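The structure appears right after this line, and notes come after that.
The values are calculated or read from the model by the stated rules, or taken from the named source; none is laboratory data. Everything numeric here is computed off the predicted structure, so don't read it as measured data. Reconstructed Cβ throughout: ideal geometry from the backbone, glycine too, with neighbour counts over all protein chains shown. We work out accessible area using only protein heavy atoms, side chains counted, and drop any ligands, DNA or RNA first. Shrake-Rupley method; radii C 1.70, N 1.55, O 1.52, S 1.80 Å.
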Amino acid sequence: MIRKILIANRGEIAVRVIRTCREMGIESTAVFSEADRTALHVQFADEAFCIGDAPSSDSYLRVDRIIETAKKAGADAVHPGYGFLSENGEFADRCAEAGITFIGPSGEAMRTMGSKTAARKTMREAGVPVVPGTEEGIDSDEEALGAAESIGYPVLVKAAMGGGGKGMRVVESQDDLAGALRTARSEAQSAFGDATVYLEKYLVEPRHVEFQVLADQHGHAVHLGERECSIQRRHQKLIEESPSCILDDALRNAMGEAAVRAAEAVRYTNAGTVEFIVDQDRQFYFLEMNTRLQVEHPVTELRTGQDLVRRQIEIAAGMPLPFRQEDVRLLGAALECRISAEDPNAQFMPSVGVVTRLSEPGGPGVRLDSGFCAGYEVPIYYDPMIAKLIVWAEKREEAIARMKRALGEYDIGGIKTTIPFHLRALSDPRFISGDYSTAFVETMGPDEDAGADERHIAAAFAAIMKHREARRAMPAGVGGDGSDGPPGSGESPWKLTGRREAMRRGR
Ligand code: MV4
């Protein structure tokens, strides 16, 4: 039995986990840094403890303080969320040693999947297709040249302990191989503390399709369909959707079965995600397995009706999965837009500050997983993602229209957000047709409407000044031609600016 859960995370995912705890009658304990004293997750939890200073290395990454807090609070389980300690095998082991249930897979499964070369070996043995490449790390330039020759250029140098795209180098010809190996090694050493690199065939403009899996402690594993995550920038996903436009039932079943085999091969338990890349010939290859709940999990929740956090808690408590693969129904279309405090018209620079105004979307088929409220000051210390907007509809086209409608309702004042980017992406013919790859964002071109907010304010200000001048020049009582403006000016400047605002919102 799990009676109380400490959530070792912050922001929207901490709020998300607390919501399910409440529905299950489980008490929730939040932890927070000095920068998060007034954060929403602290207000949402039944109780909250400060665990240190603002930098995450002094707070959300402090294994000792989190376990000590869990003991002090009498929590019998820890939910790690995503990021921070969620894929740290040592943290999972330390929780187990302290008699606290870690809501996630075993430390061992996390470590196997944490090493790309170990994961590829395990997958190959389990019959899961992997990208052609070397079995082990590369020790010398000669070895690399020989391997690259048999794989065929272009090849990709990857860090064995990497992930999420860090420490990767594309090599077009043998002349560039030695140099790429050297820089990739030194990058890998400083980023992961391990210089091991290996080679893979480089697939051009692939699509990124991942499968959600659930596995209990009784040997039952199922998949809950896919999420297409190709709309990303520098390995940060921006939009995720399900179903993927490139899958048909046959490919979905083949990939789903491969995902389940991948989970079974490491005796995986809990919720996990198996990432594949799909090439232009619709061949799929295992890329990596994320041994945590993912940011985009609500896309799957809306299509399956499942609460993945509830399933995680039940699995951690030793309960069997309450359904089988043939019971899983994938319904309609779901779409997620990540809302980040970043300026999409300034290379997605973080935009920190106080949220001065907030009006949130709602209505049919709309879900908002948010980590902030009006008056909140976005801290500089953490990931800039502050909320996720997720929609469901029967058809993809309706889901896109619904998302645009919801984005139009979403009004966040005081900071820049990725909302204008999303409105533009959802109107892009390539997105609408579903014919896009991981190269989508970099080939999008500049925002013609950039700076519209500032121009809107300037136009409104000019209209006020013009109106005042005209009034001053008029005899008292004149100006009644039905408009707010001076007589004969035609339409009200307010009507005009209002219409411009509506256009900006994509209506
Ligand atoms: C690749 C690839 C092409 N060929 N591997 C990027 C993140 C990391 N998980 C693996 N990644 C890639 N691996 C081979 N052999 C292209 C990418 C890639 C990518 C993958 C998924 C989502 C977005 C991406 C963007 C650029 C490159």
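Side notes on the structure shown:
- For the stretch 145-224: relative contact order, % (alpha-carbon pairs under 8 angstrom, 6 or more apart): 29
- Karplus (6.51, -1.76, 1.60) ³J(HN,Hα), θ = phi - 60°, over the stretch 391-400, in Hz, Gly and Pro reported as x: 10, 10, 8, 5, 10, 4, 4, 5, 5, 5
- From phi via Karplus (6.51, -1.76, 1.60), per-residue ³J(HN,Hα) for the stretch 215-223 in Hz, x at Gly/Pro: 9, 9, 7, 10, x, 9, 10, 9, 10
- Span from the the stretch 220-285 Cα centroid across to the the stretch 383-461 one, whole angstrom: 25
- Computed 3J(HN,Hα) for the stretch 83-89, one whole-Hz value per residue from the Karplus formula 6.51 cos²θ - 1.76 cosθ + 1.60 where θ = phi - 60°, is x, 6, 9, 5, 10, 9, x, glycine and proline marked x.
- Shown here for the stretch 118-224: chymotrypsin sites (Phe, Trp or Tyr not before Pro) in loop regions (DSSP other than H, G, I, E, B) with at most 12 other Cβ atoms within 10 Å, of which there are none.
- Element breakdown for the chain at a 1.4 angstrom probe: carbon and sulfur atoms account for 50% of the accessible area.
- Of the peptides 349-358, 77-86, 107-116, the ranking by mean beta-carbon count within 10 Å, highest at the top, reads 77-86, 107-116, 349-358.
- Shape of the stretch 149-213, Cα gyration tensor, a/c cut at 1.5: oblate
- The chain, relative contact order [Cα under 8 Å, separation at least 6], %: 12
- Checking the cross-link pairs 116/388; 72/116; 201/237 against a 31 Å limit on the alpha carbon distance flags 72/116 as lying beyond it.
- Ordered from highest to lowest accessible area with the whole protein assembly present and a 1.4 Å probe, 403, 168 read as 168, 403.
- Peptides 131-139, 6-14, ordered by how many other C-beta atoms sit within 10 Å of their residues on average, highest first, read 6-14, 131-139.
- Residue-averaged [θ]222 nm for the chain, counting only DSSP H segments that reach four residues, each worth -39500 (n - 2.57): -10500 deg cm²/dmol
- Surface exposure of the chain, expressed per residue as accessible area with a 1.4 Å probe, stands at 44 Å².
- Accessible heavy-atom area order of 381, 376, highest first, probe of 1.4 Å: 381, 376
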